[in-house]
1. Based on what the data block shows, is A136 open to solvent by 70 Å² or more (accessible area, probe 1.4 Å), modelled with pLDDT of 95 or more and among the small types (G, A, S)?
2. Mind listing whichever residues of segment 161-188 are open to solvent by 10 Å² or more (accessible area, probe 1.4 Å) and under 30 Å from D67 (Cα atoms)?
3. I need the full set of residues from segment 10-38 which are assigned to a loop (DSSP other than H, G, I, E, B), loosely packed, with under 14 Cβ neighbours inside 10 Å, at pLDDT 90 or above and not hydrophobic (A, V, I, L, M, F, W, C), in order please.
4. If you take the residues of segment 189-239 that are within 21 Å of R142 (Cβ to Cβ) and of a type in the set (D, E, K, R), which of them is most open to solvent (accessible area, probe 1.4 Å)?
5. Looking only at segment 257-314, count how many residues are at pLDDT below 95, surrounded by 15 or more Cβ atoms within 10 Å (Cβ to Cβ) and either within 18 Å of R120 (Cα to Cα) or out of contact with any Pro (no Cβ under 8 Å at 6 or more places or on another chain) (or both).
6. In the list A107, A97, which residue meets the criterion of being in contact with a strand residue (DSSP E or B) (Cβ under 8 Å, 6 or more places away or on another chain), under 22 Å from A190 (Cβ atoms) and not β-branched (V, I, T)?
7. Please pick out the residue among E63, E3, E42 that is surrounded by fewer than 23 Cβ atoms within 10 Å (Cβ to Cβ), of a type outside the set (S, T, N, Q), without any contact (Cβ under 8 Å) to a residue 24 or more places away in the chain and more than 30 Å from F151 (Cβ to Cβ).
8. List every residue pair whose Cβ atoms sit under 7 Å apart, with the two residues 6 or more apart in sequence or on different chains, where the first one lies in segment 140-167 and is without any contact (Cβ under 8 Å) to a residue 12 or more places away in the chain and the second, anywhere, is crowded, with 20+ Cβ neighbours inside 10 Å.
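The values are calculated or read from the model by the stated rules, or taken from the named source; none is laboratory data. Since we're looking at a predicted model, the values are computed, not measured. FYI the Cβ positions are ideal-geometry reconstructions off the backbone, even for glycines, and counts take in every protein chain you see. When the accessible area is computed, the model is the full protein with side chains, heavy atoms only, and any ligands, DNA or RNA have been set aside. Shrake-Rupley method; radii C 1.70, N 1.55, O 1.52, S 1.80 Å.
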Amino acid sequence: MVETVGAPLEEHVLARNGVPVPINPNGTTVLGQMYVQYALPETASGPPLLFWHGGSLTGASWETTPDGREGWYTWFQRRGWPCFNVDAVERGRSGWAPRDPYFAAPALLRTLQDSFTQFRIGRAVQDGSVASLAAAAYPECRFPLDVFGTFMRQVVPRWSSTDELAVDAYCALLDRVGPAVIVAHSQGGAFAFRAAERRPEMVLGIVAVEPAQGGVTDGAALAGIPVLAIYGDHLDLDARWPTIRARTDKWFDGASRAGVPVEILDLPQRGIRGNSHMLMMERNNAEIAELIEEWLRRQSLEVSQPMTKDTVHA
């Protein structure tokens, strides 16, 4: 909660031909909130899975694919995993508040062209026609290109100055739900390692789907916490990803020496080719989910207690 005092009163017309409405910005507002939805199986077959999305995205990443197939959020639910899906601070259903210093800078919004290249689906394109996307896509592309425009409707504004708010909210979620496994994508992977450094007792494992970076310490706080890092294809064809991968690999090496059991899953090395940065949305997303569940089962993670709505809201 934050308090505002001394701000001038405002008047706004909120509906066409409406009467001006007085707005008083002074008082108490909420800052740093995070929306979380969850589904609890009657009988849990594993500990809770917390789905943390990537930059410019929301929890919609995990719900369904752009072409209407099942997403990982329900895929894992049906197999008995309690699942929690997040819209991070500032994103989607969490909303945002225009407060300094967190929201002082303008919001960032990805274009279709930027998303196509930054998410490593293919080379630069001039337009979003299916023909242009198909011509620019990397070999054996697994992303459903015919619905790339549908995917772009999930892209939302983001800020570059809200990381601390986000990590605080993620830690609060771990305090409420944990011990749990974090399944995190891209920017969410960076938040997963930072939150685990703060709350190692609440983290049973981390599945990092193409993480944007590692932690901010040497990894010693995560000793004993198993980590699976998953990477798709064509990193060598991208301008940024070789550097990102080298940086995270360096952190993983140090974390391994500090006692973190790290396993790297390079899909092309397993004969699975053509995946972009958006692994959970692609045509073989169920195949990748099976590999993740296989890894989770190998960790022999125990359910500490039956989870109910009462325990979630306690």
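1. No; evaluated as a whole, the condition is false for this residue.
2. Across segment 161-188, the qualifying residues are S186, Q187.
3. The answer is R16, N17, G18, P20, N24, N26.
4. D236
5. 1
6. A107
7. Values: E63 fails: more than 30 Å from F151 (Cβ to Cβ); E3 fails: without any contact (Cβ under 8 Å) to a residue 24 or more places away in the chain.
After applying the criteria, what remains is E42.
8. Qualifying pairs under 7 Å: none.
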